1. Scan the stretch 3-17 and report the pairs whose first residue is under 16 Å from V38 (Cβ atoms) and whose second residue is at pLDDT 80 or above and polar (S, T, N, Q), with Cβ atoms within less than 6 Å and a gap of 6+ or a chain change.
2. When the residues of the stretch 18-50 are narrowed to those that are of a type outside the set (A, V, I, L, M), touching a residue at least 24 places away in the same chain (Cβ under 8 Å) and out of contact with any strand residue (DSSP E or B) (no Cβ under 7 Å at 6 or more places or on another chain), which ends up farthest from N93 (Cα to Cα)?
3. Could you tell me how many of the residues in the stretch 89-123 are part of a helix (DSSP H, G or I) and surrounded by 12 or more Cβ atoms within 10 Å (Cβ to Cβ)?
Amino acid sequence: MTNLPWEYALIGFGGNQFSGKIVPELLDLAQRGIVRYVDIVFISKEQDGSLRTVELNDLDADSYKMFVPLGEHITGLFTEEDLSFEADRLPANSSAVLILWENLWMGNVRKAIAAAQGVLLDRGQISAEVVELVKPDLTTE
């Protein structure tokens with residue numbers, strides 16, 4: 001079992017349209033060894049509120065080709081409860097991709113902390129929206 005942190009993100013799209021335009025960036029992170037994707041699920045919410053979920057490994061052949069380098073690590077850990085909870089965040093006639101990843105970049109940081117007899121006491125994430133509200137003006141001279 002790994003001791004590296006995992007993170008997830010729900011990325012929404014209007015009109016139930018997955019264009020694949022984010023795939024190159026996701027691939028780049030994996031290819032550079034920054035992250036390892038653990039699970040990826042596509043969620044669609046129809047106008048009537050009905051849901052459809054598709055695991056990466058269940059995509060049609062043409063769609064799957066786009067994700068093949070990501071699919072090497074996909075294990076399907078999201079539960080039906082997870083998917084239902086995240087789908088409740090979506091408005092009707094929209095879609096999302098739910099991504100779970102392991103932060104590989106933390107591996108060497110953790111080794112360095114341990115070598116210095118240190119202990120990681122806390123770690124969190126502040127949303128970009130909050131940062132934008134509170135960040136200092138970095139353009140002043």
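The values are calculated or read from the model by the stated rules, or taken from the named source; none is laboratory data. Remember, predicted model here, so these are calculated numbers, not experimental data. Neighbour counts are summed over all protein chains in view; Cβ atoms, including those assigned to glycine, are modelled from backbone coordinates with ideal geometry.
1. L4/N103; P5/N103
2. Top of the filtered list is G33.
3. Final tally of qualifying residues: 5.
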